[in-house]
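Got a structure for you, questions after.
Quick note: the coordinates plus some simple rules give every number you see, no bench work behind them. Bear in mind the structure is a predicted one, so any value in this text is a computation, not a measurement. We place every Cβ from the backbone using ideal geometry, glycine too, and count neighbours over all the protein chains shown.
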Amino acid sequence: MNASDKHALLIKGLLELEEDTVLTVAKELLEAGDDPFEIIGAAQQALRLVGQRYEQGEYYISSMMMAGEIFREVMEIVGPELEQRTTGKETGHIVLGTVEGDIHDIGKNIVATLLRSHGFTVTDLGVDVPASQFVEEALRIKAEIIALSGLLTLSYDPMKATIQAIRKLDDPLIAKTPVIIGGGAVNAMVCTFVGADYWATDAMVGVRLCEQIMGEKARNHD
């Protein structure tokens, strides 16, 4: 069975909540030298399919939670390999958190892991984070990027309030800090509504955006 077949098996296993199958395949792929980002990508794809089944009424919330737990275990398996791939030089400092009123952390945790593996320093504020905490931390560490996560549509207003609080700061540097929003329900319209600069529904796309932002900052300093 080649890597592509094993990726498909991992996706099928996670979709059907077969924990042992998923973890066995993830370990086999890693031992065979498969790219850990590819393993995460396959697991993410499965998680999105689980979410679709939940929205269609085919899965209960307990299935969503089980899928999330299996995903966490996959992340634990590939985590050490990701850490070994860290670039060694700091790419930039990011403040990250799930906005007030939302306690979902799977997507946020994926992003934090991937950002760190790409050399970013991440200050993870956790979940249900009020606007004031984002502001305080951004000022304290002189954040270069602020990342807001939210799975629910109810997170739109807290995202907007947080970004407004950032833009009103007396510190002009932090007030202009690029803000990226992420979550399964965000899109270009939501990005405009909340006043963010960038948006992403995929963790690796979010990482690439952060690299792009830092690259633009570096060029502007030259």
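Among all lysine pairs in the chain that are eight or more places apart or on different chains, how many have alpha carbons less than 14 angstrom apart?
Lysine pairs satisfying the spacing and distance rule in the chain number 5.
At 222 nm, what value in deg cm²/dmol follows for the chain if DSSP H runs of at least 4 each add -39500 (n - 2.57) and the sum is divided by all its residues, to the nearest 500?
-19500 deg cm²/dmol
Another question, then. Cα gyration tensor of region 99-205, axes a ≥ b ≥ c as square roots of the eigenvalues: rounded (a/c below 1.5), prolate (a/b > b/c) or oblate?
rounded
A further question on this structure: So what is the diffusion coefficient of region 1-82 in µm² per second by Stokes-Einstein at 20 °C and 1.002 mPa s, using a Kirkwood Rh over Cα pairs?
172 µm²/s
A further question on this structure: Give the span of region 151-193's Cα atoms along each principal axis, as three whole-Å numbers ordered largest to smallest.
31, 15, 14
Suppose we keep just the DSSP beta bridges with both residues in the chain; what percent of those would be antiparallel, to 5?
Of the beta bridges lying entirely in the chain, close to 0 percent run antiparallel.
State the Cα centre-to-centre distance between region 186-208 and region 23-78 in whole Å.
Centre-to-centre distance over Cα atoms comes out at 22 Å.
Diagonalise the Cα gyration tensor of the chain and give the resulting equivalent ellipsoid semi-axes, square root of 5 times each eigenvalue, largest first, whole Å.
For the chain, the ellipsoid semi-axes come out as 31, 21, 13 Å.
In what sequence, highest mean first, do 199-210, 73-84 appear when ranked by Cβ atoms within 10 angstrom?
Ranked from most to least packed, the peptides come out as 199-210, 73-84.
Counting other Cβ atoms within 10 Å, which chymotrypsin sites (Phe, Trp or Tyr not before Pro) in region 1-89 have at most 12 and lie in a DSSP loop?
Taking region 1-89 and a limit of 12 other Cβ atoms within 10 Å, the loop chymotrypsin sites (Phe, Trp or Tyr not before Pro) found are TYR60.
Would you mind calculating the relative contact order of region 1-114 from Cα pairs under 8 angstrom and at least 6 residues apart, reporting the percent as a whole number?
Across region 1-114, relative contact order equals 26 percent.
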